[in-house]
Each structure stands twice: as structure tokens, then as C-alpha cells.
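The values are calculated or read from the model by the stated rules, or taken from the named source; none is laboratory data. Owing to the predicted nature of the structure, the values given are computational and were not obtained by experimental measurement. Here the Cβ is made from the backbone with ideal geometry for all residues, glycine too, and neighbour counts use every protein chain on show. In case anyone asks, the SASA skips ligands and DNA or RNA and just uses the protein heavy atoms, side chains included. Shrake-Rupley method; radii C 1.70, N 1.55, O 1.52, S 1.80 Å.
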Amino acid sequence: MDLDYTTNEPKMEKDYSESVNALLPEVEQLVASGQLTAALEKLHGLEKKTRSAADLASTTRLLTTIASVCGSAGEWRLLEDEVAAMAKKHGQLKQAITQMVQKAMEYVAQTPDEDTKVELIESLRTVTEGKIHVEVERARLTRMLVEIMEKNGKIVEACDTLQEVQVETFGSMERREKTDFILEQMRLCLAKRDYVRTAIISHKINPKFFEHEGTEDLKLRFYELMIQYDLHEENFLEVCRHFNQVYQTKGIKDDASKWPVVLQSMVLYVVLAPYGNEQSDLLHRIQADHNLEKLELCSKLAKIFTTKELARWPAVESQYGGEFRQSDVFHAGTEDGNARWKALRDRVIEHNIRVIAGYYTRITLTRLTELLDLPRADVEAFLSKAVVDGSVFARIDRPAGLVSFIKPRDGEEQLNEWASDVNKLLGLVEKTTHLIAKEEIVHKISRAI
């Protein structure tokens with residue numbers, strides 16, 4: 001049998017459309033009179049002929065009619081058996097199977113109870129298993145099944161079932177539906193507390209897709225899930241970046257009731273992030289946003305970390321604690337909120353250490369404890385952490401009670417400095433010699449005159 005490359009199906013040998021047109025009214029009469037078995041027998045007889053002749057249009061009409069007849073009659077077991085039997089027929093046309101499965105899927109919502117619905121879905125999933133031409137239908141059926149599992153509290157089973165479907169490899173599924181499916185996988189993984197799998201699945205989505213029109217809802221869902229993941233990982237810099245993407249969304253930025261909350265979260269999470277080049281750059285870019293001026297407390301908090309001035313923690317706590325302790329980030333009634341408030345205190349102390357290191361070459365531990373409002377043991381702990389992080393250089397002389405912020409130079413740096421000084425000296429000598437020679441020439445000329 002020759003292959004029609006336009007449809008990827010065998011070439012049609014005979015057209016049975018007139019026979020199908022004549023048979024369908026007769027089938028409707030038989031169904032109306034309750035003779036369902038007789039109607040199916042007539043459909044089976046003609047279906048064999050159309051299948052053998054590779055008449056795609058006629059075969060599709062017959063298969064969808066078989067599914068429609070069984071589904072309309074409420075014969076769910078018969079519907080399952082007929083769909084399975086028709087799909088297994090030798091030489092069955094792929095597009096006809098696809099249309100039949102799609103027709104059967106329409107009756108899933110009409111099933112009388114949940115058990116019947118699950119049984120029908122499982123039967124259709126069995127029919128579509130391993131067949132590329134019905135991979136999209138299998139994915140949709142799986143999602144229906146997962147929704148039922150989740151409703152019954154079977155989160156782990158629902159998550160595992162959804163993971164079986166690798167929609168990123170489906171070429172026939174629209175990109176929007178594919179992204180929506182992957183987001184559902186991420187959501188269930190978070191519900192299951194499988195954070196490693198969540199991170200892996202998140203890489204299947206290209207954020208550039210959200211630049212297309214009509215994807216704003218998917219973008220907000222994606223970044224909401226990523227915020228949940230990075231909050232669990234305590235990666236506050238990434239959380240700030242996710243909020244920044246949400247903030248840049250048109251629907252959020254144009255809504256005066258939404259952007260202040262998002263912008264406040266951006267500020268709070270960026271100051272919670274450990275100090276570094278990326279953190280500092282992001283903080284300065286947020287501070288340059290004109291909308292930040294409308295959030296007075298957030299603007300002042302950002303200014304603390306961008307100004308080389310000491311910020312005493314008791315003063316910071318009294319000024320900002322009242323409002324920020326009511327926010328979701330630092331809520332006093334949650335364990336995470338209290339942990340983040342403690343982290344903010346640590347960031348303020350680390351900022352103060354960097355400021356002191358910039359103004360002092362040496363300082364006594366006694367004076368350092370006064371400036372940081374900390375006991376000596378805590379001062380040494382924070383100082384050691386700052387040295388390990390590389391944000392400052394310091395050496396503690398415990399017997400003398402001194403801290404030195406002078407970074408020693410290695411031999412190469414010292415030699416380079418000496419070479420630079422020698423070059424400057426030679427330059428000055430050369431310039432002086434030139435000026436002396438110039439004066440001598442001028443003096444000789446004046447004497448000659």
C-alpha cells in the first residue's frame with residue numbers, strides 16, 4: 001500500500017463517503033429505538049471496508065460515531081471496549097484514532113461518578129500509551145487523573161503520575177499548553193516538598209517565552225513558584241530577582257495596589273542577601289527606581305546599605321520594626337519571619353564592619369564592640385565571617401586587643417610600588433634638569449645682549 005506523504009497515511013484506494021452518508025441516518029434510528037448492538041455491528045462492517053481502502057475521512061467519521069453512540073447512551077464499559085478494539089485494528093489510520101480518542105474524551109465529564117470517570121480515563125490512557133500521534137491527548141488525560149488524585153489528597157501519587165509525561169518533547173503541543181503543564185508539575189513537586197525535582201523542572205521553561213503577548217498569567221505563576229522554591233533554599237538574591245521580574249510585568253506595574261507590595265519585597269530581600277558585587281549592583285538599581293521614593297521606609301532602609309555610615313541596630317530595629325514586622329517577610333508570628341529578622345540584624349552588623357574597615361586601619365576591640373553594640377565574642381565571630389567571605393581583610397591581636405585592617409602586600413606588589421616610585425623620581429629629575437638647562441640658556445642669551 002502506497003503512502004500519502006501529505007497526511008503520513010496510506011493512499012486512499014476507494015471513497016466510501018456516500019456509503020457513510022447513507023449509513024449514519026440508519027444508525028441514528030437504530031440507536032433511538034434502543035438497538036445499540038445492531039447499530040454498532042453496521043458501523044463495524046463499514047469501518048472494516050473504509051480502513052482497508054485507507055479512506056481517512058470516512059474511517060474518522062465512523063470511529064467518532066462509534067464513540068459518540070456509546071458515550072451518549074451512557075454505556076461506559078462499552079465505550080472503553082470499543083475505543084480499545086478500534087485502536088488495535090490492523091492498519092488502523094492514525095488520524096482516525098486521534099479523532100476517536102478526542103471524541104471519547106468529551107464524555108469524561110459526563111460520567112455519573114468518580115470511579116467511572118477514573119476507569120474511563122485509565123482506559124483511554126492505556127489506548128494512547130506509547131503512540132506519538134495521541135501524545136497530547138494522553139497528557140491531557142493524565143492531567144485529568146492527577147486533578148482527581150490531588151482532590152483526594154494523594155499528592156505524592158499525583159506528582160509521580162504527572163512526572164511520567166515529558167511534555168517538553170512533544171512537538172504537536174502548543175507552547176502555551178506545554179508551559180502550563182510544566183508549571184503544574186512544578187506546583188505538585190513543591191506540594192510534595194521535592195525541591196530538587198522542582199529546580200530541575202524549572203530549567204525546562206525559557207523565561208524569554210514570557211516576553212510574548214498573552215503569557216502574563218503564566219509568567220506570574222512561574223515566578224510565584226520560583227519564589228517559593230528559593231525562599232526554601234534561603235537564596236534571597238534570587239528571590240529579589242524573581243520579584244523584580246514580577247514588578248516589571250505590565251499588569252503589576254500599572255496597578256497602584258500591587259506594585260508597592262512587590263517593590264517592598266524586592267528591597268527587603270535584596271538587603272537580606274549576603275553582600276557581593278551582584279547584590280550591590282541590584283540594590284543600587286532598585287534604589288534608582290523613582291517609585292521607591294513613594295515608599296519612605298523602604299527608601300531609607302535601602303539608603304542605609306548604600307551609604308558608608310554606621311547603622312546602629314537598636315536604632316534600626318526601633319525605626320523599622322513596627323511596620324516591617326507586620327509584613328510577610330518579617331512577620332513576628334512565623335518562624336521564617338523571625339529567622340529573616342535575625343538575618344537582617346546580621347546584615348546590618350556586616351555592613352557596619354565594612355564601614356569601619358573603610359575608615360580605620362587599626363582599632364581596639366573595646367571600641368569595636370561599642371560601635372557594633374555587640375559583646376566581644378560576637379564581634380570576633382562576625383569579623384571572622386567577614387574575613388572568610390572576603391568582604392574585608394582583618395587580623396585580630398588578642399593579647400593587645402587590637403584589630404588591624406591593613407592588608408599586607410606580597411613581594412610583587414611591593415616591587416611594583418617601588419618601581420613606580422623610582423619612575424616618578426626619575427621623571428622629576430629629568431624635568432628638573434630640563435628646567436635648569438632652560439634657565440642657563442636664557443641667562444646666556446640675556447648676557448649676550
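General observations
- Kirkwood Rh (inverse of mean 1/r, distinct Cα pairs), region 270-371, angstrom: 14.7 Å
- The stretch between residue 400 and residue 435, if pulled fully straight at 0.36 nm per residue, gains 7.4 nm over its current Cα-Cα span.
- Taking all Cα pairs closer than 8 Å and separated by 6 or more residues, the relative contact order of the chain comes to 6 percent.
- For region 55-101, the ratio of Cα radius of gyration to the globular rule of thumb 2.2 N^0.38 Å stands at 1.06.
- Cβ-derived FRET efficiency at R0 30 Å, residue 381 paired with residue 296, nearest 0.05: 0.35
- Heavy-atom accessible area ranking, 1.4 Å probe, most first, across 359, 195: 359, 195
- Folded to 0 to 90 degrees: helix 114-128 orientation relative to the chain principal axis, Cα: 90 degrees
- In loop segments of region 184-215 as defined by DSSP, the GluC sites (Glu not before Pro) with at most 15 further C-beta atoms inside 10 Å of their C-beta are 213.
- Exposure of residue 418 as accessible area (Å², to 10), given a probe of 1.4 Å and all protein chains: 140 Å²
- For region 112-195, averaging the sequence separation of C-alpha pairs within contact (under 8 Å, six or more residues apart) and dividing by the residue count gives a relative contact order of 23 percent.
- Two-decimal log10 I(q)/I(0) for region 23-74, as the Debye equation yields it once each C-alpha is a single scatterer, q = 0.21, 0.22, 0.24 Å⁻¹: -0.68, -0.74, -0.85
- Cα gyration tensor shape for region 149-192, rounded if a/c is under 1.5, else prolate or oblate: prolate
- Size descriptors for region 358-400 (Cα atoms only): Rg and Dmax, in that order, 10.0, 25 Å.
- Region 198-245: C-alpha gyration tensor shape, a/c 1.5 cut-off, then a/b vs b/c: prolate
- Across region 359-447, Cα-Cα pairs more than 20 Å apart make up 59 percent of the total.
- Checking the Cα-Cα distances for 48/94; 49/94; 117/192; 42/94; 192/219 against a 18 Å cut-off, the pairs over it are 117/192; 42/94; 192/219.
- Note on residue 176 and residue 326: their simple-model spin labels are 4.0 nm apart, each label 7 Å out from Cα toward Cβ.
- Expressed as a whole percent, the proportion of Cα-Cα pairs in region 290-449 lying more than 21 Å apart is 65%.
- Solvent-accessible area of residue 382 with every protein chain in place, 1.4 Å probe, in Å² to the nearest 10: 30 Å²
- Put a dot 7 Å past the Cα of residue 196, heading toward its Cβ, do the same for residue 38, and the two dots end up 6.4 nm apart.
- Here the scattering of region 170-269 is modelled by Debye summation over its C-alpha atoms, one equal scatterer each and no solvent; at q = 0.20 Å⁻¹ the log10 of I(q)/I(0) is -1.05.
- For region 105-199, the square roots of the Cα gyration tensor eigenvalues, ordered a ≥ b ≥ c, give a/c of at least 1.5 with a/b no greater than b/c, which places it in the oblate category.
- Restricted to Cα atoms, the chain shows a radius of gyration and a Dmax of 37.3, 140 angstrom.
- Accessible heavy-atom area order of 257, 58, 17, highest first, probe of 1.4 Å: 257, 17, 58
- Cα extents of region 61-134 along the three principal axes, largest first (Å): 34, 24, 16
- Based on Cα contacts under 8 Å between residues 6+ apart, region 312-392 shows a relative contact order of 27 percent.
- Dipole of the chain computed with +1 at Lys/Arg Cβ and -1 at Asp/Glu Cβ about the Cα centre; of 332, 146, 275, farthest Cα towards the positive end is 275.
- Taking the helices alone, the chain has a mean residue ellipticity at 222 nm of -22500 deg cm²/dmol, built from -39,500 (n - 2.57) per DSSP H run of at least 4 residues and averaged over all its residues.
- Gain in span if fully extended, residue 89 to residue 49, counting 0.36 nm per residue against the direct Cα distance: 13.2 nm
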